[in-house]
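All of the numbers you see were taken from the coordinates with simple rules; none came from a lab. Keep in mind that what you see is a predicted model, and the values were worked out from it rather than measured. Every residue, glycine as well, gets a Cβ built from its backbone with ideal geometry; the counts of neighbours run over all protein chains shown.
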Amino acid sequence: MREAVVFKGIKGQLQLVVNEFAEFSDVLMQLDAKLASANDFFNKHAVVNLPPKLTDDQRRRLKGVLSVHGLSAKEVVERKGPMKGKKSYSELDGYETEALIVNKTLRSGQKVVYDGSVVIIGDLNPGAEVVAGKDIIILGACRGMAHAGAYGNQGATITANRILAIQLRIAGLIARAPDDLDKPVRVETARIKDGTVVIEPSR
Amino acid sequence: MGEVIVITSGKGGVGKTTTTANLGTGFALIGKKVVLVDADIGLRNLDVVMGLENRIVYDLVDVTEGNCRLKQALIRDKRYETLYLLPAAQTRDKNAVNPEQMKQLCRELSEDFDYVLIDCPAGIEQGFKNAIAGADRAVIVTTPEVSAVRDADRIIGLLEAEGKHNPKLIVNRIRPSMVKRGDMMDIDDIIDILAVDLLGIIPEDEYIVISTNRGEPAVVNPASAASTAYKNIVRRLNGENVPLIKFDANNGIVSKLKRFFGFGEG
């Protein structure tokens, strides 16, 4: 079953995406559970964009769940019709991505779970966890636990400036670092090759 | 309005209480009016380290429960007129106060004092939440051990979640000779993981044990190696620009440390 509610990072903002076919009570329950397991990952007072096409009552109840976890909601006005004219460079800066962008270092005890790809602009420290449905890209050091392709995607990869993790997981495979791990000097990618997790310099 | 600084670490035994006592005494030495708050309810130590145990009449919980006025619970230090202590209750536990009460307490204290230093208990539970509630800034104490650094990292994350950003780091109990041999984590390794500003480095010093048992903070003894380090940290917290480490391309961390501690070639 598809998840009833997911967070997406779009244009540097958090967008709440609600599955239109899900029961609204399931949406509320899943949202509550997700925020509870996020373990203070979202900054207090972070602003979340609410999905369009909600009834007033649904909007009020979503805001209620968000505020319990210290987040506030912002309503997005739907843009009507295609944009006209050529895009300038400044518009391209805020390009859309399906990936979740985490714009900080994840520290011990912090956990991010996302069904798409996750990009961390910062380090993944020991004791922190990232679980992604697709790829994980870390613009920093990977010292914590990264699990790419967590829902079975064998083609998922983990890329980091420095892979120093003691354990990496891709799909159902768990790889433990050798005890005499060399210090990496360049960007590396971990992927599944011939049934095992290998780490090699990124192309 | 004074500034409220919480001294915290996550892990126990890394030197929060010793640091609080020495920084507080250091502030008094430069003439600042300072109060030390022991937030470790049920396991109070700060009064012992300060040598003020026999003067306790009222404590922090008495204040929050309204059994006495705040001024009645404050103990003036026996050596320095501008140094005060608000002791923790020993017969209660962490749940005897809540973050809201601590915020109120810190607000009141910061009206009368230049600096309010809060000695945070170990752990991340109620006691930690109480201790950081009213703080404007946080100082993290760690030792050059993997476990202490890991806990410091967790604490930094929790502080961020509470909206307290840019904590400063004190690395305690560094042994330059061990770092030189490669047997101890060096400062660069620690900063690489924690990615926060370094406030100071305290060398391992036997005199700390003596001073703790005597109830007389080491910072007042110029012969103590840790004393200079504490004094420099006090000046940095007070807004002075005291150079931390001089970087030389061909010199390693040991020479940097030597210069910093003032026992190097000059």
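So here's what we get for this one:
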| quantity | calculated |
| --- | --- |
| Chain B: most fluctuating residue of B:Thr20, B:Thr228, B:Thr142 per GNM, C-alpha cutoff 10 Å | B:Thr228 |
| Ranked B:Cys68, B:Cys120, B:Cys106, criterion: other C-beta atoms within 10 Å, fewest first | B:Cys68, B:Cys106, B:Cys120 |
| Mean ellipticity per residue at 222 nm, deg cm²/dmol - from DSSP H runs of n ≥ 4 across the protein assembly as shown, formula -39500 (n - 2.57) | -8500 deg cm²/dmol |
| Degrees, to the nearest 10: B:225-237 long Cα axis against longest axis of chain B | 70 degrees |
| Residue order, fewest to most surrounding Cβ atoms within 10 angstrom, among A:Ile101, A:Ile170, A:Ile158, A:Ile192 | A:Ile101, A:Ile192, A:Ile170, A:Ile158 |
| Placed amide H near A:Gln167: partners under 5 Å, 5+ positions off or other chain | A:Ala177 |
| Anisotropy class of the protein assembly as shown from Cα gyration tensor, a/c 1.5 cut | oblate |
| A:Ser202, A:Ser25, B:Ser227 arranged by Cβ crowding within 10 Å, fewest neighbours leading | A:Ser25, A:Ser202, B:Ser227 |
| Whole-percent pair-distance distribution, where bins are 10 Å wide, for the alpha carbons of the stretch B:3-260 | 7, 33, 37, 18, 4, 1, 0 |
| Sequence-distant residues sharing a close amide H with B:Ala89 (under 5 Å, placed H) | B:Gly42, B:Leu60, B:Val61 |
| Interchain or long-range residues, amide H under 5 Å from B:Ile202's placed H | B:Val171, B:Asn172, B:Arg173, B:Ile174 |
